[in-house]
Amino acid sequence: MSAPTAELLEAAPDHGHHQTVENNFLGLPNIKLAMWAFLGSECMFFGSLIGTYFFYHDHSLGGPLPQDVFSLNITSISTFLLLTSSLTMALAVDSMKQNRFPPAVKYILTTAALGAAFVGFQIYEFSEFVLEKHLTPQTSLFGSTFFIMTGFHGAHVTVGVIWLLMMAALISKKKLVPGREATNVEVMGLYWHFVDIVWIVIFTFVYLLEFIK
Amino acid sequence: MASIADFAGVPKPVYHQDRPSLYGVKDWLTTVDHKKIGILYGAAGLFYMLVGGLEALLMRLQLAKPDQHLFVGDTFNGLVTMHATTMVFLAVMPMIAGFSNYFVPLMIGARDVAFPRLNAFSWWTFFFGSLVLNSSLLFVQEFPSAGWFAYAPLTTKDFHPDMAMDFWWAGLTMLAISSMVAGVNFVVTILNMRAPGMTLMRVPVLTWMMLVIQVLLAFSFPPITVGIIFLALDRTFGTVFYKTAMGGDPQLWQHLFWLFGHPEVYVLILPSMGMVSEILPVFARRPLFGQHAVIFSGVFIGFVGFGVWGHHMFTTGMGPIADAAFASTTALIAIPTGVKIFNWLGTLWNAKLTFPTAMLFAVSFIPMFTIGGLSGLMHASPPLDLQQHNSYFVVAHFHYVLVGGALQGLFAGFYFYLPKITGRMLDETLGKIHFWLFLIGFNLTFFPMHMLGNNGMPRRIYTYPADAGWNTENLIATIGVFFMTAGTLVFAYNVIVNWRKGKLAGNDPWDANTLEWLTTSPPPLHNFDFTPTTLSERPLWDHKYTPGLEIPVPTTAEEIHMPSPSWKPMWVSSFILLIIIGLLLYNLVPFAWTLSVVGALGIIGSVYAWVTEPV
C-alpha cells in the first residue's frame, strides 16, 4: 500500500479481514444505533398524540373535564412505580456489563413487575373513569384524546414488559449470542427509559398542569 | 494501468451460512438477501405503476370531451383516489425501495443491510398492505373515494359510510409500519455498514439521498400513522377525533397528514436527484460539479422539508403569522434545489457528452423538474396560492415534479442500473423510442393543464360543460396519455425481453465511478469477493485512471458469514395482517376481535422464534 493510501485510510476504523454483515463503521453496535433511530421515530409518534391532546384541550363540548376525573394520589403512586423501574433497569444493565447474569435477571424481573403494576394501575384508572365518572373514548374530545394517548403509552409499557420477560428467559436459558448479552439488555433499557420519559411528560403536562391554578 | 480485470483473480472467499438458501418459490418467500428483496420491491412497483397508469387512462378518457358519462360520480372519485394512492405508495415508493435495497449495500461495499430479516419483514408488510389497499374492489366492489389525502371529517362514517374507506386506512397502516421499519434499517445500514475508508463524504450521492429519505420516512410516517389510527378508531369504535358535532377540528387531520405529506414529496424526488447525480458524471466523463454542495443541499431539503407542510393549507385560515412562516420556509427550499440544478448544469458544461437512454432521461429530468419546481415556487406565495388552490394548475405542477422529475429519474435509473441486476443490457433503440414517446406524451398531457388551471378548471371534477372553454386542452391532455402509455409498454417489453436475452453487460458496462460496478453482474450472494477499500469519492474511476489510488486487491481469501433464509419475517407480517383483518371485520362479524388477539399472540410467539433462530 502506497503512502498516500495509508493516509487516506486513516479516517476509517480497522476491521481486519474478517468482515461479516456485523460490520460497524461508527464503532457502535447496529442494534443500538437502530434503537436510537427508532426512538427518534417514536418521539414523532408520541409528539403527535400529545400534540393532538393539547390541540383539543378545552375544546370538549361537555364534561366530564380533566379536573373532574384525575386523581393525583393514585397516578402519583403509579408514576413512582414506573420511575423506580428505571432504576432497576439501570441496575440490570450494570450487572450485565459486569457479566453478573443472575442478579441481572432478578433486576429485569423486578423491572417487569413494576411495569406490570403500572399497567394494572392504568387499567384500574381507566375502569374507574368509565364506570364511575362516565368518561369513555366516545364521550368527548377529551375522552378520545386522553384514552388513546395514555392507552398507547400503556401499550408501550406492556410491550416493554413482554420484552423484559422474554429477555429474562433468554438470559436464563443462555440463548443470547455470547458476548452480545449486555448490548441486548442495554438496548432494551434505552426503550424502557424512553417510555418512562414519555410518561414524565404526560404526567407533568397532562395531569399536574390541570391542578396549577 | 490498473483495470477492472484486477479483481477477477481475487481468491474466492470462504463461506459460512447456517442454513443454505432454499430453491424456487420457497427461496423468494424466505429470502433475506437485499438483492432479491430489491427485485421484489421493483417488480411490485412496476406492476402497480401499470395499475395506476390504467386508472389515469380511464380518468383521461372520461375527461377527453365535455359531458361524457363513462366514469361518473363516486366511480371517478375512486379512480382519482386510487390513482394517486397507488402511484405514491405502491409504485414510486417501492421502486425507490427496490433501488435502495439493491444498490445501497453495493454502493457502500457491504454484504447486506444491517438487519436482513427486518428488511424481509418490511417487504412482506408492504406487500400485504398493498393487497389490503386494493382488495376493496374485490370485497365491496368499490374504491375508496375521498382523495389520496383523505381529509377527515370527509372520511368519517358520517360522510363515507361504505367500507372502501376502511380498506384505505387498513392498507395505509401496514405501509406505514413497513416504511418506518425500513427507514430505521437503512439509516443504520448507511451509517454503520460502510466498507473501510468510505467516510461520509465518499459515500455516493445516490446513497446520500437514500439516507436522507430513510430519515424522512422514519420521522414523517408517525404523524400520519397517528392520524390514521384516529380515523380507524372513529370509524370502528365511535371515538370523536374528527366529529365536528362534538367540537372536532377539520384542521387536525390536515396538520397530521401534511406533516407527513410534505416530507413525503421529498422522499419521492430526492432519490431521482441522486440517480441524476450519479448518471450525469458517468456520461460527461468528469466528476460531479460541486459534489459536496449537492449532498448538503439534499440534506438541507430534507431538514427544511419538515417545516413547510402548512403551504398545503393556506386556504384553511391558519392566520397571517402561520401563512407567512410557511411561505418563507417554502421559498427557502428553492435555494438548495437551485444549487443542485446549477451543479448538474456545471457538470454538463463543455463536457464531451454521450447519450444512451439513461443519459437522455437524466438530462431531460433537469428542465422538466425545473418547470415543476418553478410552478411550485409560485404556490409558496399565499395570495397566489389562494387563486391556484384546487385548480388544474396544481395538478400540472405536481405532475411535472413527480412524472417529469421522480419518474424520469427512476427510468434513467432503470436503464443505467438494470444491467447490474440482470447482467444484460436493455435495448437502446427501444429505449430511445420509450424516451421520446414518454417525453412528448408527458408534455402533451400536463402542459395544457397549466392553462386549464388558469382558466378556472377545478381538479377532481368528473365532467365539464362544453361552453366552459376547456375542450381543446382536455382533448390534447388525453391524447398525450396514449403516448405515455405506448412508451411505458415499450419499456415493459424491453425489460421483459432483455431480462434473460439481452446483450451481456459485464461488470462495468458504462465505465462508471462507484463500487457497485466492481463486482460481477449480477453480483454473487455475498456481493464482493473481497471487502473493497475506498480511497476516494470515485473509487472505481480512480482505480482505473488515477495512479496511486488503486483499490488494494487482497491475496488471501476472506471468511464470510452470510445470513440464512428465514420464514419468521413473513410470519410476523402475516400476524399483523390478521390483527388488521380482525379490526376491519369488528363491526360486521361477532367476535372478529378474536382474530386480532390471535394475531397479537402470534406476533409474540413468532418474535420469540425469530430472536432464538440462529442467523
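The values are calculated or read from the model by the stated rules, or taken from the named source; none is laboratory data. These figures come from a predicted structure and were not determined experimentally. Heads up, the Cβs are rebuilt from the backbone with ideal geometry, glycines too, and the neighbour counts pull from every protein chain shown. These accessible areas exclude ligands, DNA and RNA; they are computed on the full protein's heavy atoms, side chains included. Shrake-Rupley method; radii C 1.70, N 1.55, O 1.52, S 1.80 Å.
(1) within 30 Å of B:ALA164 (Cβ to Cβ); (2) surrounded by fewer than 19 Cβ atoms within 10 Å (Cβ to Cβ); (3) in contact (Cβ under 8 Å) with a residue 60 or more places away in the chain: which one isn't true of B:ALA600, the others all being true?
B:ALA600 satisfies every listed condition except (3).
Only residues that are surrounded by fewer than 18 Cβ atoms within 10 Å (Cβ to Cβ), touching a residue at least 24 places away in the same chain (Cβ under 8 Å) and in a helix (DSSP H, G or I): list them for segment A:166-182, please.
A:SER172, the sole residue that qualifies.
Pick from B:LEU79, B:LEU90, B:LEU118: which is surrounded by fewer than 24 Cβ atoms within 10 Å (Cβ to Cβ) and more than 14 Å from every other protein chain (Cβ to nearest Cβ)?
When all the criteria are applied, what remains is B:LEU79.
Which residues, taken from segment A:30-67, are assigned to a loop (DSSP other than H, G, I, E, B), open to solvent by less than 50 Å² (accessible area, probe 1.4 Å) and within 9 Å of another protein chain (Cβ to nearest Cβ)?
Correct list: A:TYR56, A:SER60, A:GLY62.
Which residues, counting only those in segment A:129-141, are open to solvent by 10 Å² or more (accessible area, probe 1.4 Å) and either in contact with a His (Cβ under 8 Å, 6 or more places away or on another chain) or touching a residue at least 40 places away in the same chain (Cβ under 8 Å) (or both)?
Correct list: A:LYS133, A:HIS134, A:THR139.
Based on this model, can you work out whether A:VAL161 counts as among the aliphatic types (A, V, I, L, M), open to solvent by less than 50 Å² (accessible area, probe 1.4 Å), over 20 Å from B:GLY238 (Cβ atoms) and more than 13 Å from chain B (Cβ to nearest Cβ)?
Values: among the aliphatic types (A, V, I, L, M): yes; open to solvent by less than 50 Å² (accessible area, probe 1.4 Å): yes; over 20 Å from B:GLY238 (Cβ atoms): yes; more than 13 Å from chain B (Cβ to nearest Cβ): no.
So A:VAL161 fails the test.
Tell me which residues, restricted to segment B:137-175, are in a helix (DSSP H, G or I) and free of Cβ contacts under 8 Å to residues at least 12 places away in the same chain.
Within segment B:137-175, B:LEU137, B:LEU138 qualify.
Those residues that are among the β-branched types (Val, Ile, Thr) and either touching a helix residue (DSSP H, G or I) at 6+ places or on another chain (Cβ under 6 Å) or at pLDDT 95 or above (or both), I need them from segment B:571-594; list them, please.
The answer is B:VAL572, B:ILE576, B:ILE579, B:ILE580, B:ILE581, B:THR594.
Residues B:PHE314, B:PHE306, B:PHE326, B:PHE296: which one is of a type in the set (Phe, Trp, Tyr), under 30 Å from B:TYR415 (Cα atoms) and either open to solvent by less than 40 Å² (accessible area, probe 1.4 Å) or within 27 Å of the chain's Cα centre (by Cα) (or both)?
B:PHE296
From B:TRP610, B:TRP593, B:TRP567, B:TRP571, grab the single residue that is away from chain A (no Cβ under 14 Å) and touching a residue at least 40 places away in the same chain (Cβ under 8 Å). Steps first, please.
Working: B:TRP610 fails: away from chain A (no Cβ under 14 Å); B:TRP593 fails: touching a residue at least 40 places away in the same chain (Cβ under 8 Å); B:TRP571 fails: touching a residue at least 40 places away in the same chain (Cβ under 8 Å).
One residue alone meets the criteria, B:TRP567.
Answer yes or no as to whether B:GLY197 is touching a helix residue (DSSP H, G or I) at 6+ places or on another chain (Cβ under 7 Å), farther than 30 Å from A:LEU28 by Cα and open to solvent by less than 10 Å² (accessible area, probe 1.4 Å). Spell out how you get there, then give the answer.
On the way: touching a helix residue (DSSP H, G or I) at 6+ places or on another chain (Cβ under 7 Å): yes; farther than 30 Å from A:LEU28 by Cα: no; open to solvent by less than 10 Å² (accessible area, probe 1.4 Å): yes.
For B:GLY197, the condition - touching a helix residue (DSSP H, G or I) at 6+ places or on another chain (Cβ under 7 Å), farther than 30 Å from A:LEU28 by Cα and open to solvent by less than 10 Å² (accessible area, probe 1.4 Å) - is not met.
Tell me yes or no: at least one residue of segment B:545-560 is surrounded by fewer than 19 Cβ atoms within 10 Å (Cβ to Cβ), in contact with a Phe, Trp or Tyr (Cβ under 6 Å, 6 or more places away or on another chain) and either within 10 Å of another protein chain (Cβ to nearest Cβ) or not in a loop (DSSP other than H, G, I, E, B) (or both).
Within segment B:545-560, one or more residues are surrounded by fewer than 19 Cβ atoms within 10 Å (Cβ to Cβ), in contact with a Phe, Trp or Tyr (Cβ under 6 Å, 6 or more places away or on another chain) and either within 10 Å of another protein chain (Cβ to nearest Cβ) or not in a loop (DSSP other than H, G, I, E, B) (or both).
Working only within segment B:11-32, note down all residues that are open to solvent by 30 Å² or more (accessible area, probe 1.4 Å), part of a helix (DSSP H, G or I) and either closer than 20 Å to B:PHE103 by Cα or not β-branched (Val, Ile, Thr) (or both).
Residues of segment B:11-32 open to solvent by 30 Å² or more (accessible area, probe 1.4 Å): B:11-12, B:14-26, B:28-29.
Checking which are part of a helix (DSSP H, G or I) leaves us with B:24-26, B:28-29.
If the condition is that a residue be open to solvent by 30 Å² or more (accessible area, probe 1.4 Å), part of a helix (DSSP H, G or I) and either closer than 20 Å to B:PHE103 by Cα or not β-branched (Val, Ile, Thr) (or both), then B:GLY24, B:LYS26, B:TRP28, B:LEU29 are the ones that fit.
Checking B:TRP499 against (1) open to solvent by less than 30 Å² (accessible area, probe 1.4 Å); (2) under 30 Å from B:ASP112 (Cβ atoms), only one condition comes out false. Which one?
Against the list (1) open to solvent by less than 30 Å² (accessible area, probe 1.4 Å); (2) under 30 Å from B:ASP112 (Cβ atoms), B:TRP499 comes up short only on (1).
Quick check on A:THR110: is it modelled with pLDDT of 95 or more, within 14 Å of chain B (Cβ to nearest Cβ) and more than 14 Å from the chain's Cα centre (by Cα)? Give the steps one after another, and end with the answer.
Details: modelled with pLDDT of 95 or more: yes; within 14 Å of chain B (Cβ to nearest Cβ): no; more than 14 Å from the chain's Cα centre (by Cα): yes.
Spelling it out, it is not the case that A:THR110 is modelled with pLDDT of 95 or more, within 14 Å of chain B (Cβ to nearest Cβ) and more than 14 Å from the chain's Cα centre (by Cα).
Out of the residues in segment B:176-194 that are more than 8 Å from chain A (Cβ to nearest Cβ) and open to solvent by 10 Å² or more (accessible area, probe 1.4 Å), state the one that is nearest to B:PHE89 (Cα to Cα).
B:SER179
Can you confirm whether A:PHE146 is open to solvent by less than 30 Å² (accessible area, probe 1.4 Å) and of a type outside the set (S, T, N, Q)?
Details: open to solvent by less than 30 Å² (accessible area, probe 1.4 Å): yes; of a type outside the set (S, T, N, Q): yes.
Here the answer is yes, as A:PHE146 does meet what is asked.
Consider segment B:204-251. How many of its residues are facing chain A (nearest Cβ under 9 Å), farther than 23 Å from A:LEU39 by Cβ and not small (Gly, Ala, Ser)?
Count: 10.
Which of the residues belonging to segment B:238-251 are touching a residue at least 12 places away in the same chain (Cβ under 8 Å) and surrounded by fewer than 22 Cβ atoms within 10 Å (Cβ to Cβ)?
Of segment B:238-251, the ones touching a residue at least 12 places away in the same chain (Cβ under 8 Å) are B:241-244, B:248, B:250-251.
Listed by number, the residues that qualify are B:LYS243, B:THR244, B:PRO250, B:GLN251.
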